[in-house]
Amino acid sequence: MKRRLILAAGLAAPFLVPAAAGTARAQSIDRTAVARVEAYLNTLRTLRARFLQVAQNGASAQGTALISRPGRMRFDYDPPEPLLLVASGGQVLMYDRELRQPTAVPASSTPLGLLLTPEIRLAGDITVVGTDRTGGFLRIGLYRTGARAEGLLTLAFAEQPMELRQWTVLDAQGRETRVTLYEVETGIALENRLFDFNDPRFLEAEAARR
């Protein structure tokens, strides 16, 4: 159970970052790069990818990620991990298929809640703390304006062409959880039923998979 909570924290659990950690990561900001990322995120409608998640303590898991903007995400962990995380309707459902136990939290309190809004503005609503180019990726650190205590999220993009490839969450103890995307597909058709956890048949179908 502890392992599952660690894994879920990398995608859905609320997170806190001390002021010192955020200050240490402060960098210069390439406003042109920020504008490109903002334009990319606002034109991104659907995405399907495999993901590899690695926590600070070495716990790792893989699965399939689905994004349907605005408002919908799904992270389906491969067996033996029984976790399913689904965002829809302003909430994130964390479902343990093994225990058949659902838990819901507001999407606005999660690391990836920033990506679910209909219009992403990397100014005003979101504060960018720095940009950096290392290892062939453009990285942008950001947090929700007026809610610094919620935490710091770092997004990493390939630039040629622009594509979301990774994000990192920093928690209150300075521990990182990193999620890397590969086999990325965009502009694909995704059925709404994949995200409709308010339909009782949704959890019945997920329970039947175990």
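Can you tell me how many residues in the stretch 98-125 are in contact with a helix residue (DSSP H, G or I) (Cβ under 6 Å, 6 or more places away or on another chain) and over 20 Å from residue 192 (Cα atoms)?
As a first pass, look at the stretch 98-125 and keep what is in contact with a helix residue (DSSP H, G or I) (Cβ under 6 Å, 6 or more places away or on another chain): 100, 107, 113, 116, 120, 122.
Next, from what is left, pick out any that are over 20 Å from residue 192 (Cα atoms): 100, 120, 122.
Residues flagged as in contact with a helix residue (DSSP H, G or I) (Cβ under 6 Å, 6 or more places away or on another chain) and over 20 Å from residue 192 (Cα atoms) within the stretch 98-125 amount to 3.
Among the listed residues 124, 63, which satisfies the condition of being surrounded by 20 or more Cβ atoms within 10 Å (Cβ to Cβ) and in contact (Cβ under 8 Å) with a residue 12 or more places away in the chain? It would help to see each step written out before you state the result.
Values: 124 fails: surrounded by 20 or more Cβ atoms within 10 Å (Cβ to Cβ).
When all the criteria are applied, what remains is 63.
Being of a type in the set (Lys, Arg), closer than 26 Å to residue 145 by Cα and modelled with pLDDT under 85 narrows it down to one residue among 3, 25; which is it?
Numbers: 3 fails: closer than 26 Å to residue 145 by Cα.
Of the residues listed, the single one that is of a type in the set (Lys, Arg), closer than 26 Å to residue 145 by Cα and modelled with pLDDT under 85 is 25.
Restricting to the stretch 160-204, what's the tally of residues that are polar (S, T, N, Q) and either in a loop (DSSP other than H, G, I, E, B) or farther than 28 Å from residue 142 by Cβ (or both)? Write out each step before concluding.
Kept after step one, since they are polar (S, T, N, Q), are these residues of the stretch 160-204: 160, 166, 168, 173, 177, 180, 186, 192, 198.
Keeping just the survivors that are either in a loop (DSSP other than H, G, I, E, B) or farther than 28 Å from residue 142 by Cβ (or both) gives 160, 173, 192, 198.
Adding up the residues that qualify gives 4.
Contact list please: Cβ distance under 6 Å, first residue in the stretch 177-203 and more than 27 Å from residue 161 (Cβ to Cβ), second residue of a type in the set (Asp, Glu) and surrounded by 11 or more Cβ atoms within 10 Å (Cβ to Cβ), pairs at least six apart or on different chains.
Filtered contacts from the stretch 177-203: 202/196.
Select, from 168, 117, 134, 103, the only residue that is farther than 18 Å from residue 42 by Cβ, surrounded by 15 or more Cβ atoms within 10 Å (Cβ to Cβ) and free of Cβ contacts under 8 Å to residues at least 60 places away in the same chain. Spell out how you get there, then give the answer.
On the way: 117 fails: farther than 18 Å from residue 42 by Cβ; 134 fails: surrounded by 15 or more Cβ atoms within 10 Å (Cβ to Cβ); 103 fails: surrounded by 15 or more Cβ atoms within 10 Å (Cβ to Cβ).
So the residue among 168, 117, 134, 103 that is farther than 18 Å from residue 42 by Cβ, surrounded by 15 or more Cβ atoms within 10 Å (Cβ to Cβ) and free of Cβ contacts under 8 Å to residues at least 60 places away in the same chain is 168.
If you go through the stretch 75-82 one residue at a time, do you hit one that is of a type in the set (Asp, Glu), in a strand (DSSP E or B), at pLDDT 90 or above and farther than 26 Å from residue 203 by Cβ? Reasoning before the result, please.
Step one: filter the stretch 75-82 for residues of a type in the set (Asp, Glu), giving 76, 78, 81.
If we keep only those that are in a strand (DSSP E or B) as well, we get 76.
In the following step, the residues that additionally are at pLDDT 90 or above were identified as 76.
With farther than 26 Å from residue 203 by Cβ added as a condition, the list becomes none.
So far as the stretch 75-82 goes, no, none of its residues is of a type in the set (Asp, Glu), in a strand (DSSP E or B), at pLDDT 90 or above and farther than 26 Å from residue 203 by Cβ.
Looking at (1) within 23 Å of residue 178 (Cβ to Cβ); (2) modelled with pLDDT under 90; (3) hydroxyl-bearing (Ser, Thr, Tyr); (4) touching an Asp or Glu at 6+ places or on another chain (Cβ under 8 Å), can you tell me which one residue 110 breaks?
Residue 110 satisfies all of (1) within 23 Å of residue 178 (Cβ to Cβ); (2) modelled with pLDDT under 90; (3) hydroxyl-bearing (Ser, Thr, Tyr); (4) touching an Asp or Glu at 6+ places or on another chain (Cβ under 8 Å) except (4).
The values are calculated or read from the model by the stated rules, or taken from the named source; none is laboratory data. Everything numeric in this text was worked out from a predicted model, so none of it was measured. No Cβ is skipped: glycine too gets one built from the backbone with ideal geometry, and neighbour counts run over all protein chains shown.
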